[in-house]
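The values are calculated or read from the model by the stated rules, or taken from the named source; none is laboratory data. Just so it is clear, the model here is predicted, and its values are computed rather than measured. A quick note on method: Cβ atoms are made from the backbone with ideal geometry, for glycine too, and the neighbour counts reach across all protein chains shown. Areas reflect the complete protein model, heavy atoms only, side chains present, ligands, DNA and RNA absent. Shrake-Rupley method; radii C 1.70, N 1.55, O 1.52, S 1.80 Å.
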Amino acid sequence: MASDQDFVFKVVLVGDGAVGKTSLRYRYMGEGFRSTYVMTIGADFAVVPVEVEYNNTLYKCKLQIWDLAGQPRFREVRSLFYQGAYGSLAVYDKTRRETYENLIEWIKEIEEKRGKIPLILIGNKKDLCEENPDIPCVTYDEGVELAKKLSERLGFPVHFYETSAKTGENVNTAFLELTKVMLDMTMKQQV
């Protein structure tokens, strides 16, 4: 059965510069992978329609995906873009441990500016780790452990996915899971 109710969810992509936030967004939008890096200035956004099944009903949702600049100099500008956010993908680069370690600060920034919102943890650039076994990558188990810590901190489950914007692995899955979590939260608030 299809619902006649539509939902619009604002989603923020957060994480250090060059972790692949823009590439994940492009991949999810069906625009493919771009190997050149172009820094996001302030924020960029796109709207993507998605259908989600919830309690045997198909719901039409629109994701307003806000890709926030990761460089520290944009911190003050970013605060404006958190307003109205209903979910987040927190992204780190598996090949750069400091981006993994910095995610706690990103989560604090979200909490300061928006409060506790649904969150999916993303370890991106999985393909680089598989192609280059000599690179010291953040392990899958470390990602799971961080998701567990974040779940305890936030008081709700934080799902974790390793993704590759280049190959598309788990990109749609991560966005879809976040949409399901946001829809679930919305439906429970309406009761």
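Counting only residues at least eight positions apart within a chain, or on another chain, the aspartates and glutamates with an alpha carbon under 17 Å from that of LYS188 are ASP6, GLU53, GLU177. Set the bar at 22 Å for Cα to Cα. Now go through LYS116/LYS148; LYS60/LYS166; LYS10/LYS125 and name every pair that lies beyond it. Pairs exceeding the cut-off: LYS60/LYS166; LYS10/LYS125.
Could you tell me which of rounded, prolate or oblate describes segment 137-191, using a ≥ b ≥ c as the square roots of the eigenvalues of the alpha-carbon gyration tensor, with rounded for a/c under 1.5 and, failing that, prolate when a/b is larger than b/c and oblate otherwise? Verdict is oblate for segment 137-191. Rolling a 1.4 Å probe over the heavy atoms of the protein chains gives the chain an accessible area of 50 Å² per residue.
Once Rg/Rh (Cα atoms, Kirkwood Rh) is worked out from the coordinates, which option in [x] 0.93; [y] 0.95; [z] 1.00 does it equal? Recomputing Rg/Rh (Cα atoms, Kirkwood Rh) here gives the entry labelled [y]. These residues, MET29, MET1, go from largest to smallest accessible area, 1.4 Å probe, as MET1, MET29.
When TRP106, TRP66 are compared by accessible area of protein heavy atoms, the largest-first order is TRP66, TRP106, using a 1.4 Å probe. For TYR100, the accessible area of its heavy atoms, probed at 1.4 Å with every protein chain present, is near 30 square angstrom. Note on exposure: TYR140, TYR59 ranked by accessible area (1.4 Å probe, complete protein assembly) read TYR140, TYR59, with the most exposed listed first. Applying a 4.7 Å cutoff between beta carbons, the unpaired cysteines of the chain are CYS61. Taking all protein chains as they are arranged and a probe of 1.4 Å, the heavy atoms of ASP184 leave approximately 40 Å² accessible to solvent.
Solvent exposure of THR173, expressed as accessible area, is near 60 Å², computed with a probe of 1.4 Å over the protein chains only. What is the local net charge at GLY115, summed over the other residues whose Cβ is closer than 14 Å to its Cβ (Lys, Arg +1; Asp, Glu -1)? Net charge around GLY115: +3.
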